[in-house]
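This report refers to the structure that appears directly beneath it.
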Amino acid sequence: MPYSEEERAFIEWYPRGYGVGFKVTRRLFETQTKYQRLELYETEGFGKLLVLDGTVQLVEVGEESYHEVLVHPVMLAHPNPRRVLVIGGGDGGTLREVLKHKTVEKAIMVEIDEGVVEASYLYLDVAKDLLDRLIKGEEERAKLIIGDGVEYLKNTEERFDVIIVDSTDPVGPAKLLFSEEFYRTAYEKLNEKGLYITQAGSVYLFTNELLDAYKAMKKVFDKVYYFSFPVIGYASPWSFLVGVKGDIDFTRVDVSRAPEKLYYYDPERHETLFQMPKYVRELLEKE
Ligand code: SAM
């Protein structure tokens, strides 16, 4: 059990005994949803902690270290991102960042597990007001759909400028979100100029998953970029993969459209995103 009462700590154990943990004061809530075991803890120094199937999803203090780099690089690299799809992201942090962009006319969030949305609304100070408006259908520029992102994308008539996959790791309901078939569907549902981004796991501990996803994406997208970032709560550096449709150059961003308050992603130093440990860069470039 990752949570030990006596040590009063929640530790997520990664492969090879690498652990990432938080001192916790108490467990606030736990349930078995239709898809996963959901736990919420009060940590000593990082606010509340959301855990799904034993894996850290986010802590309230520092969650922007993930949500900013998942959203703003692709939103600023795309010349005019108006229609955006978020798959997963049930805590609302990703959609919150997407809606900071005035170009966005319509954003759709497809989250498979209603329990994550409800628990995030009730317990987390990540995007409480936004989740409230989404649940009531009162958010003007965004809509929440409870469903499987794979099925949704296969069946939708919608087309998107940016697709953001903010899912759990490639196991269980998220597994197919990392498949070549899904990448082909995503490519088809992007507009002529489109960007696709997905979190791709711990650079050091999930290197093979990163390589597999990169290989599969290269078979589908016109260009694929990789980058990494230190994310609070994850076995960092954490990797991200960006697939391009059309001729967008992901190494360049429109800094003038950057949201005012950013704490982690620095659009003026966008090029620093592309840091990757040498051996991992060499493995990726061999693909
Ligand atoms: N945003 C958080 C963070 O800081 O990393 C964590 C990601 S969010 C909680 C991950 C979500 O992906 C979960 O709520 C999970 O239910 C959802 N998910 C997994 N597979 C999915 C699928 N096939 N379709 C839609 N949502 C999915």
Q. Once the Cα gyration tensor of the stretch 173-249 is diagonalised, what are the square roots of 5 times its eigenvalues, in whole Å and ordered largest first, as equivalent ellipsoid semi-axes?
A. 22, 14, 10
Q: Please work out whether the stretch 95-157 counts as rounded, prolate or oblate from its C-alpha gyration tensor, where a ≥ b ≥ c are the square roots of the eigenvalues and a/c under 1.5 means rounded, while otherwise a/b larger than b/c means prolate and anything else oblate?
A: oblate
Q | Summed residue charge, Cβ within 15 Å of Lys193's Cβ, Lys/Arg positive, Asp/Glu negative | A | 0
Q. What shape does the stretch 140-287 have by the C-alpha gyration tensor, where a ≥ b ≥ c are the square roots of the eigenvalues, rounded means a/c under 1.5, and otherwise prolate means a/b greater than b/c and oblate the rest?
A. rounded
Q) What value does the stretch 3-59 have for Rg/Rh, both radii from Cα atoms and Rh as Kirkwood defines it? A) 0.95
Q: For the chain, state what percent of all Cα-Cα pairs lands in each successive 10 Å bin, counting from 0 Å until the bin that includes the largest distance.
A: 7, 30, 38, 21, 4, 0
Q) Taking all protein chains as present, what is the carbon and sulfur share of the accessible area of the stretch 64-286, in % to the nearest whole number, probe 1.4 Å? A) 48
Q. Using 0.36 nm per residue, how much length does the chain from Lys223 to Thr156 gain when fully extended, once their Cα-Cα distance is taken away?
A. 21.7 nm
(Q) For Lys102, give me every one of the aspartates and glutamates with a C-alpha distance below 15 angstrom, ignoring sequence neighbours fewer than eight places off in its own chain. (A) Glu139, Glu140, Asp161, Asp254, Glu260
Q. What are the lysines whose alpha-carbon lies under 26 Å from the alpha-carbon of Lys100, with same-chain residues fewer than 8 places away excluded?
A. Lys48, Lys128, Lys136, Lys143, Lys189, Lys193, Lys245, Lys261
Q) Using the scaling law 2.2 N^0.38 Å as the reference, what is the normalised Cα Rg of the stretch 231-287? A) 1.34
Q.
Loop only by DSSP, 16 or fewer other Cβ within 10 Å of the Cβ. Give me the trypsin sites (Lys or Arg not before Pro) in the stretch 213-276 that pass, ordered by residue number.
A. Lys219, Arg252, Lys261
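The values are calculated or read from the model by the stated rules, or taken from the named source; none is laboratory data. Please read these numbers as outputs of a predicted model, since none were measured by experiment. Note that we place each Cβ from the backbone using ideal geometry, even for glycine, and neighbour counts take in every protein chain shown. Ligands, DNA and RNA are excluded from the accessible area calculation, which covers all protein heavy atoms including side chains. Shrake-Rupley method; radii C 1.70, N 1.55, O 1.52, S 1.80 Å.
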